[in-house]
Structure formats: structure tokens, C-alpha cells
Amino acid sequence: MAEAAQQVLDRWSGGVCPFEAGWRKVMMWAFIITDGLLFAGFLSGYGYARLMSARWPDQAAVFDLRLIALMTFLLISSSATMASAVSAARDEGARRSVTLRWVFLTILGGLSFLGLQAYEWTHVIEAGARLQRNPWGDPLFASYFFLLTGFHGTHVLVGVIVLAILAIRWTKRLAMREGVELAGLYWHFVDLVWVFIFTLFYLV
């Protein structure tokens, strides 16, 4: 028992990475937790506004849910390709081109998602929605639509840029396995957040 306790203490003593996680991974997890709390705050505010609203719009009448489902499918699929990229990067026997191919497929999924989201925004804006008003009822509906999807879309765009930089560095052998893993952590987080937005904003 005392030996096990000493091993736990040694992990957190100076000069040792906590639980074999480098400082980059620890910082990424810190970012994911704090950013997740921010998204949770936005979704909680949205839930409160919806409960207090006397006439919240019907999502099916505003959005093409088939398009939203396609966007969700693309993002979840890109999460699978990102997981494959991480797995290939960890496999010392795999060629670097295998990892690069999966990263490119993930970028393609992210860009496709952003393209469909831009199309959706164009449709909603052309219908008359603005930050302060919308033609379907409670003006907060449009405010939260632009806030939630815009903030998440920004995260996807940042992720695509990070993956593009990673692909370039990987081609030049400047990026190591850890870089792919960190990009994977961020991308999976972005995908998970979208699942909550898709469920709570578009479906419920």
C-alpha cells in the first residue's frame, strides 16, 4: 500500500510528466475542459431562453433537417478518419503516407461541413433572420442559432487550419506522433460538441 502511494507521489514530483502525459497534452486537456464549460454555458443559456419563451419556433419548419443530418454524418465520419490517423501515427511499422491520407480525409470532412454550414447560414439570413430578430417568432432563436453554430464553426475552421499545418509538417518530417494525437484530441472534442448542439438545438 505504501509502495503504491509512493508511486503516485513520484508521478507528480518534479521532473516527471504526470501520468506519462507531456505538458502539451496536459495543456490541451485544460483547454478542452475550459472550452467545454464555455459551450455548456451557452447551451444552458439557450435552454433557459427556450423554457421562458412563449412561442419558440419549430425547428423542422426553419431548417432542412436532412441537411443538418448530413452535416452531422460528415463530422462524425471525420472523427473516425482522425482516429485512424492517430492509430497510423502510433504504428511504427506504418508508412507516413498512411497517416497523411487519413489527415487529408479529415480535412475534407471538415471543409465539407463548413461548406454546408455556410449554405445553411445563407438560407437563414435570406429568410430574414438577424441577431436581434427572426421571422419565425422569438428573436432569441436567431441569436442562439448564430452564437452556437458560429462559435462551433469557428472551432471547426481552426481545426482544419491546424490539420493543414500538421499535414505540411508531417510531410517534411517536422511533426511527430504527439502532434497527431493532440490534433486528434481537439478534433474529437469539436465533434462531440456538435453532437450536443445537433441534439439540443435542432432535434429536441
Scope region 191-204; condition free of Cβ contacts under 8 Å to residues at least 60 places away in the same chain and either outside any helix (DSSP H, G or I) or among the β-branched types (Val, Ile, Thr) (or both); matching residues: 199, 204
Failed item in (1) within 11 Å of the chain's Cα centre (by Cα); (2) over 18 Å from residue 118 (Cα atoms), with residue 169 passing the rest: (1)
Within region 115-137, tally of residues that are farther than 16 Å from residue 68 by Cβ and either touching a strand residue (DSSP E or B) at 6+ places or on another chain (Cβ under 8 Å) or part of a helix (DSSP H, G or I) (or both): 2
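Is there a residue being farther than 30 Å from residue 137 by Cα and not charged (D, E, K, R) anywhere in region 37-55?
Residues of region 37-55 that are farther than 30 Å from residue 137 by Cα, as a first pass: none.
Within region 37-55, not a single residue is farther than 30 Å from residue 137 by Cα and not charged (D, E, K, R).
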Some residue of region 155-175 being touching a helix residue (DSSP H, G or I) at 6+ places or on another chain (Cβ under 7 Å), of a type outside the set (Val, Ile, Thr) and under 30 Å from residue 52 (Cα atoms): yes
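Checking the conditions here, which among 140, 147 is within 24 Å of residue 65 (Cβ to Cβ) and at pLDDT 95 or above? Spell out how you get there, then give the answer.
On the way: 140 fails: at pLDDT 95 or above.
The match here is 147.
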Contacts under 6 angstrom Cβ, first residue in region 116-137 being over 20 Å from residue 56 (Cβ atoms), partner hydrophobic (A, V, I, L, M, F, W, C), 6 or more apart: 116/71
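If you go through region 163-177 one residue at a time, do you hit one that is of a type in the set (S, T, N, Q), outside any loop (DSSP other than H, G, I, E, B) and over 24 Å from residue 193 (Cβ atoms)?
Quick first cut of region 163-177, residues of a type in the set (S, T, N, Q) only: 171.
Applying the additional criterion that residues be outside any loop (DSSP other than H, G, I, E, B) yields 171.
Subset that is over 24 Å from residue 193 (Cβ atoms): 171.
Yes, because at least one residue in region 163-177 is of a type in the set (S, T, N, Q), outside any loop (DSSP other than H, G, I, E, B) and over 24 Å from residue 193 (Cβ atoms).
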Matching residues in region 1-48 - criterion: being aliphatic (A, V, I, L, M), at pLDDT 95 or above and surrounded by 14 or more Cβ atoms within 10 Å (Cβ to Cβ): 32, 43
Residues that are surrounded by 14 or more Cβ atoms within 10 Å (Cβ to Cβ), of a type outside the set (Phe, Trp, Tyr) and touching a residue at least 60 places away in the same chain (Cβ under 8 Å), drawn from region 89-108: 89, 99, 100, 103, 106, 107
Count of region 50-77 residues which are touching a helix residue (DSSP H, G or I) at 6+ places or on another chain (Cβ under 8 Å) and modelled with pLDDT of 95 or more: 9
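The values are calculated or read from the model by the stated rules, or taken from the named source; none is laboratory data. These numbers were taken from a predicted model, which means no experiment stands behind them. Glycine gets a Cβ as well: all are built from the backbone with ideal geometry, and neighbour counts include every protein chain shown.
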